[in-house]
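Worksheet for the structure shown next.
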Amino acid sequence: MIAVSSDTAVSLENFDPFSRRIPTRGREQALMMNSIYRWISSDPDTNIAFHLAEKFGLTQAVSRILVSRGVSTDEQAEIFLNPNRDSMHSPWLMQDMDKGADRVAAALENHERILVLGDYDVDGITGTAVLCAFLESQGGHVRYHIPERDTEGYGLSAETVKKAKKSGYDLIITVDSGVSNSKEAKLVSDAGMDLVITDHHEPHAELPEAVAVIDPKREDSKYPFRELAGVGVAFKLIEAVGEKRGIDREELLEKYGEFVALGTVGDLMPLVNENRFFVHNGLSRLTRSRNPGIYALIEVSGIKETDQIDTWHISFGLAPRLNAAGRVWRPRAGVELLLSDSPERARLIARKLDQQNRNRMAEEATIFDRAKKMMERDPSLLDPRALVLFDERWPIGVVGIVASKLMETHNRPVLMFTLSKRPADVEIADDVKGRVCQGSARSIPGFDLYEAMTECADLFVSYGGHALAAGAKIYESDLPKLRERLDDIAKRKIGETAEKPTLKIDVEIPLSGATMDLLVQTRRLAPFGVGNPQPVFCTLGLTVISCRPVGAEGKHLQFKLRAPNGAPTIDAIGFGFGDRWRSDQLEGETLDAAYMLKEDTFTGRSRVRLQLKDIRVNKS
């Protein structure tokens with residue numbers, strides 16, 4: 001391996017660290033053709049890796065991956081390999097938790113009316129379901145509201161406060177929102193109601209006026225882990241209230257653990273620390289779920305009863321269908337599904353969500369195509385290091401997903417805006433500044449989107465979010481200023497030109513090492529996701545025995561690859577590779593492959609095949 005320190009990232013783009021292992025003829029003139037990524041690797045401490053391999057019965061390859069992900073002690077390895085409740089932190093460490101738990105407990109005792117205000121994504125939907133189900137189980141008089149994305153927008157609004165007051169609510173609890181709603185929080189107080197905020201977004205300098213602002217990202221937070229999902233923060237609140245009412249944490253995990261896992265993975269939160277336990281705990285409960293809504297969602301997602309549900313099933317099966325409720329249909333439908341106690345009603349909602357998800361995918365493809373054509377007609381839009389795009393026809397429900405795709409395609413931050421349809425925003429349209437635009441933003445690693453938007457705060461009507469994802473409103477006339485300002489910030493933060501995105505290579509192995517035994521061992525590192533991706537292996541000097549297009553319009557490429565010494569051979573699949581390489585040009589070539597190990601049971605027996613992440617074709 002590369003002789004560098006354990007915390008040093010080394011570019012592999014034009015450097016072959018394994019040249020001693022393969023023939024060097026022509027290597028000096030070799031060109032790595034058309035690779036998608038810039039390959040990087042870090043070399044973990046081999047002594048620690050050897051010790052952990054011996055201690056926990058791991059192969060050296062898997063042990064090296066473990067160390068490269070920040071594990072250096074026996075205790076850390078034990079928790080990582082066997083996530084348990086020791087990973088959980090006391091809810092009382094979170095700022096304002098005592099005030100929030102006391103107020104919620106008092107509302108239960110006094111039979112007050114409680115409104116839970118959630119967000120319209122899978123994180124807000126699951127968090128709302130957790131909080132409502134718990135409060136109802138405690139005899140609470142609780143209702144929920146999920147704002148309409150188009151007409152009400154994100155978070156607490158003046159309209160919601162007005163309706164809540166008229167309906168006689170005493171307490172509003174936000175989920176996955178509220179920390180940026182200072183003006184609206186003041187309206188709650190003025191209306192004689194109390195407000196408890198639970199959120200996980202970055203707060204502004206001045207916190208809203210509320211009984212409690214429970215957010216692990218508060219500047220004064222003493223909570224040991226900042227990266228809880230919104231549903232995770234909601235769970236910490238019911239954990240605290242439950243403790244006050246003599247309810248054991250294990251009972252809460254049994255009832256609501258699957259919701260927390262679903263929201264945490266669906267909101268792309270890092271699967272480390274407390275999140276790792278939440279997801280590990282929840283996945284086992286999802287597989288044997290007795291919740292009618294979850295069961296119906298699993299059914300329409302095509303997940304078999306024999307499948308062991310993992311993070312992949314959530315990311316590509318369950319979460320998109322729940323998200324469809326807030327993107328292209330009725331936002332409250334997702335909560336209604338999760339809280340349903342009728343299997344028939346749950347199936348009906350789940351089938352509708354499945355259809356709406358199909359509609360969402362079609363609409364997303366249309367908007368992506370329009371955005372591409374917009375940039376083709378006006379190439380100057382691609383000049384800035386941060387893309388700022390606007391079209392008044394784009395539906396707000398899908399611009400965030402399209403922004404993610406454009407971000408991956410162009411490897412730069414992307415902000416996509418459309419016209420806001422909220423009555424309050426329509427009313428503040430200005431003869432000089434124009435109409436109010438609403439948008440979603442996505443960013444690449446290394447560019448803190450929230451920090452950059454804070455530098456442009458004077459341009460926004462409102463904004464909020466994370467380092468990698470955010471939302472904002474802005475006057476139409478200020479869009480050119482925003483484009484110029486973000487371009488300057490991006491050039492300062494990430495450089496003048498867009499490099500290829502990076503691909504972390506975990507371990508280089510010979511092709512003979514790509515076995516079922518290794519695949520089984522890598523599963524000990526699960527659950528995989530943000531912060532703990534599925535391991536990527538690398539093998540150099542493979543010969544392409546055959547290559548053929550597969551799938552609709554030949555979008556994917558199916559390979560048979562042979563090791564440098566002639567044996568063994570292995571099957572591999574490159575999803576989306578047909579858009580980049582021609583199969584007839586690759587046959588007979590020598591290439592380096594970066595891949596994940598996948599189990600293939602198509603023939604009735606388990607065998608390993610490679611799921612290619614990238615290739616580098618060696619041309620002399």
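Details
- Unique match (being more than 25 Å from K504 (Cα to Cα) and either without any contact (Cβ under 8 Å) to a residue 24 or more places away in the chain or hydroxyl-bearing (S, T, Y) (or both)) among G588, G604: G604
- Scope region 479-519; condition more than 30 Å from V388 (Cβ to Cβ) and either outside any helix (DSSP H, G or I) or of a type in the set (F, W, Y) (or both); matching residues: I505, D506, V507, E508, I509, P510, A514, T515
- The listed residue being farther than 19 Å from H466 by Cβ and touching a Gly at 6+ places or on another chain (Cβ under 8 Å), out of A234, A210: A210
- Restricting V179, V213, V188 to residues that are surrounded by 23 or more Cβ atoms within 10 Å (Cβ to Cβ) and in a loop (DSSP other than H, G, I, E, B) narrows the list to V179.
- Residue count for region 59-78 under the criterion of being free of Cβ contacts under 8 Å to residues at least 60 places away in the same chain and in a helix (DSSP H, G or I): the result is 7.
- Of all residues in region 391-438, those satisfying the criterion of being closer than 21 Å to P501 by Cα, in contact (Cβ under 8 Å) with a residue 60 or more places away in the chain and outside any helix (DSSP H, G or I) are N411, R412, P413, L415.
- Meets criteria (among the aliphatic types (A, V, I, L, M), without any contact (Cβ under 8 Å) to a residue 40 or more places away in the chain, surrounded by fewer than 24 Cβ atoms within 10 Å (Cβ to Cβ) and at negative phi) for L195: no
- From L479, L542, L486, residue being touching a Lys or Arg at 6+ places or on another chain (Cβ under 7 Å), buried (at least 19 other Cβ atoms within 10 Å of the Cβ) and modelled with pLDDT of 95 or more: L542
- Hits in region 312-335 (condition: surrounded by 19 or more Cβ atoms within 10 Å (Cβ to Cβ), among the charged types (D, E, K, R) and more than 18 Å from the chain's Cα centre (by Cα)): R332
- Considering residues of region 561-620 that are among the charged types (D, E, K, R) and in a loop (DSSP other than H, G, I, E, B) only, the residue nearest to A526 (Cα to Cα): R605
- No other residue among P564, P568 is assigned by TED's automatic domain parsing to the domain that holds L612, more than 16 Å from L610 (Cα to Cα) and in contact (Cβ under 8 Å) with a residue 24 or more places away in the chain apart from P564.
- Looking across region 157-172, the residues that are assigned to a loop (DSSP other than H, G, I, E, B), modelled with pLDDT of 95 or more and either in the same structural domain as A472 (by TED's automatic domain parsing) or not acidic (D, E) (or both) come down to S167, G168, Y169.
- Yes/no for F537 being within 30 Å of the chain's Cα centre (by Cα) and within 21 Å of D517 (Cβ to Cβ): yes
- Residue match in region 238-256 (condition: touching an Asp or Glu at 6+ places or on another chain (Cβ under 8 Å), in the same structural domain as T128 (by TED's automatic domain parsing), under 21 Å from A129 (Cβ atoms) and part of a loop (DSSP other than H, G, I, E, B)): no
- Cβ-Cβ distances below 6 Å connect the following pairs, each with a first residue in region 530-557 that is assigned by TED's automatic domain parsing to the domain that holds S41 and touching a residue at least 24 places away in the same chain (Cβ under 8 Å), a second residue that is basic (K, R) and part of a strand (DSSP E or B), and a separation of six or more residues or different chains: V536/K613; T543/R562; I545/K560; I545/R562; S546/K560.
- The residues on offer are R347, R330, and the sole one that is in contact with a helix residue (DSSP H, G or I) (Cβ under 9 Å, 6 or more places away or on another chain), of a type outside the set (A, V, I, L, M) and modelled with pLDDT under 95 is R330.
- Within region 338-390, the set of residues being part of a helix (DSSP H, G or I), in contact with a Lys or Arg (Cβ under 7 Å, 6 or more places away or on another chain) and of a type outside the set (D, E, K, R) comprises L353, N357, F368.
- Total residues in region 351-401, condition among the acidic types (D, E), surrounded by 14 or more Cβ atoms within 10 Å (Cβ to Cβ) and over 25 Å from V300 (Cα atoms): 1
- Yes/no for S157 being touching a residue at least 60 places away in the same chain (Cβ under 8 Å), of a type in the set (S, T, Y) and surrounded by fewer than 24 Cβ atoms within 10 Å (Cβ to Cβ): yes
- Scanning region 239-266 for residues that are of a type in the set (A, V, I, L, M), closer than 15 Å to P91 by Cβ and crowded, with 21+ Cβ neighbours inside 10 Å yields A240, V241, V260.
- Flag if P501 is surrounded by fewer than 18 Cβ atoms within 10 Å (Cβ to Cβ), at pLDDT 95 or above and touching a strand residue (DSSP E or B) at 6+ places or on another chain (Cβ under 9 Å): no
The values are calculated or read from the model by the stated rules, or taken from the named source; none is laboratory data. What you see is a predicted model; the values in this text were computed from it and never measured. Glycine gets a Cβ as well: all are built from the backbone with ideal geometry, and neighbour counts include every protein chain shown.
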